[in-house]
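The values are calculated or read from the model by the stated rules, or taken from the named source; none is laboratory data. This is a predicted model, so every value here is computed, not measured. Every residue, glycine as well, gets a Cβ built from its backbone with ideal geometry; the counts of neighbours run over all protein chains shown. Areas reflect the complete protein model, heavy atoms only, side chains present, ligands, DNA and RNA absent. Shrake-Rupley method; radii C 1.70, N 1.55, O 1.52, S 1.80 Å.
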Amino acid sequence: MENKGFEGRTMEELKESHPLLSKIISTEEVFWTNPKYGNFKDSIKKVSLSERDVMDAEARLKRFAPYIVKVFPETQSTKGIIESPVIEIPNMQRALEKIYEEKIEGTLMLKCDSHLAISGSIKARGGIYEVLKHAEDLATEHNMLSLNDDYSILDSDKFKTFFSRYSIAVGSTGNLGLSIGIMSAKLGFKVYVHMSADAKKWKKDLLRSKGVIVIEYESDYSKAVEEGRKQSESDPNMHFIDDENSTNLFLGYAVAAYRLEKQLKEKNITIDDTHPLFVYLPCGVGGGPGGVAFGLKLIFKDNVHCFFAEPTHSPCMLIGMMTELHDKVCVQDFGIDNITAADGLAVGRASGFVGKTLEDLLSGCYTIEDRNLYILLSQLSDTEKIYLEPSALAGVPGAVKLFKDSLGQRYIKNCNLENDMKNATHIAWATGGSMVPKDIMEEYYQKGLGS
Ligand SMILES: *Cc1c(COP(=O)(O)O)cnc(C)c1O
């Protein structure tokens, strides 16, 4: 079957120019480094978003902190700022070295977005941020709120009645729906979450218990997004949260980088020319890891190296960036089924906006089999007593894969980091898990043991 859909190139031509593609198509684990990766100074010039935009998002989250702490008392310890700890995981580092028979030079850490307040995943950053931004826009346009107010006034019947005239819609495989749903319902919005077939039942049940309207589809995430978008087009009072193209979501995620910088300083961890930072981020549509990576590049510039991790059955960002076809292709075009146990990562078509924004800023991507996600899940439970959902494990073997793969070794060499890797900090971004019900977590754990 001849497919002429690849911008005038045939599948054979694509395979010839991208030797990894055949392996990707046969769903083998691969490690890819980005040949377009460039120095920060030149690469950032092509990006329309700037540090000012991220600072603006950070300031907005600060304005909302008095409201957040009032309606979500679990954020008391951070005074209404939704933030997660970053911790060393030395036992897991040793376990990885043993499993992969490869030494990890430097220190392995875990960024525990799995334990973010309110919705227990990285989506508590971008998703909640966009809802708050929308609420602020509406309330200020109607002269009900000014930027200097104490935002805890939002927790009142007056504001809830006001917001109930508006609705919010989103398409989601699960976690984004949780964040948007919980936050929107709390403010008083009517909220619709369009969910794909692979979304977990407990997530749908939880949302319904909060008064969220959940609409289910037989097909995958793209269909849920399409229907959500369609619904909002016919209603001027409905705001559609567009996971594939939203700069607000992206900026909400990017704020994480500034918080991380502070956390590393507090731990006396230096990042500079001879102390590189490597970050491994599970990637679905790309907004979460893309926003975080963008923020990190703004701060640490050439001293941070960001890699995305995807399931072998949903390598949409990898294919999009490698072929430079971005959102013009989906994994199904390559005969890949987009079926994975990694909820948030079951995405067939990557965000074109994110792929293009990070074209010269992302260091690389790698893929991981579902089976290995479960093995790592059990290992992390045993070694560190930390419980993550399967998707969140995708970033965990990044460091060991970097050292093990010949392209990874070449990357280190090209960056002149061979002698500095002993000083490296590796951060696996743990993107979700604390909301998973105990019995389901136990099932995951057993699956990893049995593999
Ligand atoms: C959504 C999600 C991701 C990836 O975020 P994208 O913005 O879709 O790329 C990773 N891990 C988990 C657990 C998620 O829910």
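What's the magnitude of the charge dipole for the stretch 122-243 around its Cα centre, counting Lys and Arg as +1 and Asp and Glu as -1 at the beta-carbon? Answer in Debye, nearest 20. For the stretch 122-243, the charge dipole is close to 460 debye.
For the stretch 413-426, backbone phi angles converted through the Karplus equation (6.51, -1.76, 1.60; θ = phi - 60°) give residue-by-residue couplings of 5, 4, 8, 6, 10, 3, 8, 9, 5, 5, 9, 6, 10, 10 Hz, Gly and Pro being listed as x.
Of all DSSP beta bridges confined to the chain, the antiparallel ones make up roughly 20%. Between residue 268 and residue 416, what FRET efficiency comes out of the Förster formula 1/(1 + (r/R0)^6) with R0 = 22 Å and r the beta carbon distance, rounded to 0.05? Efficiency for this residue pair is about 0.35.
Output the relative contact order of the chain, whole-number percent, from Cα pairs under 8 angstrom with separation of 6+ residues.
Reported as a whole number, the value is 22 percent.
Volume per residue for the stretch 122-243 equals 96 cubic angstrom (convex hull of Cα atoms). With r defined as the distance between the Cβ atoms of residue 59 and residue 26 and R0 fixed at 45 Å, what FRET efficiency is calculated, to the nearest 0.05? The pair residue 59/residue 26 has a calculated efficiency of 0.40. Descending by average beta-carbon neighbour count within 10 Å, the peptides 246-255, 431-440 line up as 246-255, 431-440, the highest first. 3J(HN,Hα) along the stretch 438-450, derived from phi through the Karplus expression 6.51 cos²θ - 1.76 cosθ + 1.60 where θ = phi - 60°, amounts to 4, 5, 6, 4, 4, 4, 4, 4, 5, 4, x, 5, x Hz, with x in place of Gly and Pro.
Going by the alpha-carbon gyration tensor, a ≥ b ≥ c the square roots of its eigenvalues, is the stretch 215-325 rounded (a/c under 1.5) or, if a/c is not under 1.5, prolate (a/b greater than b/c) versus oblate? Numbers along the way, then the final one.
On the way: a/c = 2.99, a/b = 1.82, b/c = 1.64.
The shape class here is prolate.
A cut-off of 5 Å between modelled amide H atoms, ignoring neighbours fewer than 5 places along the same chain, links residue 305 with 277, 278, 279. Of the options 376, 193, 116, report the single residue whose Cα projects farthest towards the positive end of the charge dipole of the chain (beta-carbon charges: Lys, Arg +1; Asp, Glu -1). Most positive-ward Cα: 116. Report, by chain and number, residues whose modeled amide H sits under 5 Å from the one on residue 243, excluding near sequence neighbours (fewer than 5 apart, same chain). Counting only residues 5 or more places away or on other chains, the set is 171.
Quantify, in whole percent, the carbon and sulfur part of the accessible surface of the chain (1.4 Å probe; protein heavy atoms only).
Numbers: 8550 of 17810 Å².
Percent of accessible area from carbon and sulfur atoms in the chain: 48.
Under a 5 Å amide H cut-off, with hydrogens placed 1.01 Å from N, residue 166 pairs with 190 among residues at least 5 apart or on other chains.
Karplus-based coupling profile of the stretch 44-61, in residue order and whole Hz: 6, 4, 7, 9, 7, 7, 9, 4, 4, 5, 5, 4, 4, 5, 4, 5, 5, 4, with θ = phi - 60° in 6.51 cos²θ - 1.76 cosθ + 1.60 and x standing for Gly or Pro.
When ligands, DNA and RNA are left out and all protein chains stay put, how many square angstrom of accessible area per residue does the stretch 239-296 have with a 1.4 Å probe?
Roughly 28 Å² per residue, with all protein chains present.
Have a look at 336, 285, 177 and report the one farthest towards the positive end of the charge dipole of the chain, computed about the Cα centre with Cβ charges (Lys/Arg +1, Asp/Glu -1). Going by the charge dipole, the pick is 177. Given a 1.4 angstrom probe, what's the average accessible area per residue across the stretch 1-115, in square angstrom? Heavy-atom accessible area per residue stands at 56 Å².
Sort 24-35, 66-77 for me by packing, meaning the mean count of neighbouring Cβ atoms within 10 Å per residue, highest on top. The partial results should precede the final answer.
Values: 24-35: 18.0, 66-77: 16.2.
With the highest mean Cβ count within 10 Å placed first, the list reads 24-35, 66-77.
For the chain, just run the numbers: alpha carbon Rg, then divide by 2.2 N^0.38 Å, N being how many residues it has.
Values: Rg = 21.0 Å, N = 451, 2.2 N^0.38 = 22.4 Å.
Expressed relative to 2.2 N^0.38 Å, the Cα Rg reads 0.94.
Using a probe of 1.4 angstrom and keeping all protein chains present, the accessible surface of the stretch 307-357 works out to 24 square angstrom per residue.
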